[in-house]
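Following: one structure in structure tokens, then a few remarks.
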Amino acid sequence: MILTGNSLVNQRLNMTKYLSKTNGQPHPRSPGKRNANRPSARKRIFDKASELFYLKGIRAVGVETIAAEAETTKMSLYRNFPSKDELVAEWLREHDANFWQTWDAMSSRHPKDPRRQIKAAFALLAKHVADPKARGCPMANAAVELTEKHHPARKVIEAHKTKLRARLVQICTQMGAREPRLLADELFLLMEGAQVTTQTLGVRGPARNVARAAKMLIDAHLLL
């Protein structure tokens, strides 16, 4: 029995009539043309995975969900990324690159004033933790979930945090702190703590005072 309406037979008949009118060429307003500017499957997968990992967590998001949200398939996902672990690592690599691009741009505005550099860094952090949509630091969040020592994302996380700590030591040394490593560690802990408490106590919690706390901490060290 042949069904009417949107049956496969009718679809083929309609397509035959359509191509006869266009000499076998797609019409300029065909679906293929409308999707010409659509992001590639790889970009859609990466962007959607990045969003889901940050908002819901890594373990809570499966490849099926990512593929569905990106309007593609698991097969397409695995063609573009060897595994979910590698997709996570790639997400964190991009975060690392964006983080340091922002930091370096911020520092370049005060090339000879390390105190203003660190002030700008904490002002930016204060703005971030005041955003109700923020879920803290992607690196720190991922570190809690990814406990496997050899997970490809662990190296990205550890390298990022190591570099941040080293950069703080450098700035504290340039500021003339008597104990630059101690001050750097205290500022590092302040940064990490602000990101975590935002998730537990919200934007009206202790994190809102992070910039002021950093200033008082630096003042205390420089007055020693």
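Averaged over its residues, region 173-219 has an accessible area of 59 Å² per residue, based on protein heavy atoms and a 1.4 Å probe. When you filter the trypsin sites (Lys or Arg not before Pro) in region 142-216 for DSSP loop state and at most 13 other Cβ atoms inside 10 Å of their Cβ, you are left with Lys149, Arg178, Arg204.
The slack between Thr173 and Ser76, meaning 0.36 nm per residue of separation minus the straight C-alpha distance, is 30.0 nm. Loop-located GluC sites (Glu not before Pro) in region 117-200 (DSSP state not H, G, I, E or B) with no more than 11 neighbouring Cβ atoms inside 10 Å: Glu148. Can you work out the FRET efficiency for the pair Ala60 and Ala220, with r the C-beta to C-beta distance and R0 = 35 Å, to the nearest 0.05? For Ala60 and Ala220, the calculated efficiency is 0.30.
When the listed pairs Lys133/Lys155; Lys48/Lys161; Lys43/Lys112; Lys43/Lys161; Lys43/Lys155; Lys112/Lys161 are checked against a 29 Å cut-off, the alpha-carbon distance exceeds it for Lys43/Lys112.
The values are calculated or read from the model by the stated rules, or taken from the named source; none is laboratory data. Nothing here was measured: the structure is a model prediction, and the numbers come from that model. Cβ: placed from backbone, ideal geometry, glycine included. Neighbour counts: every protein chain shown. Heavy atoms of the whole protein, side chains included, go into the accessibility calculation; ligands, DNA and RNA do not. Shrake-Rupley method; radii C 1.70, N 1.55, O 1.52, S 1.80 Å.
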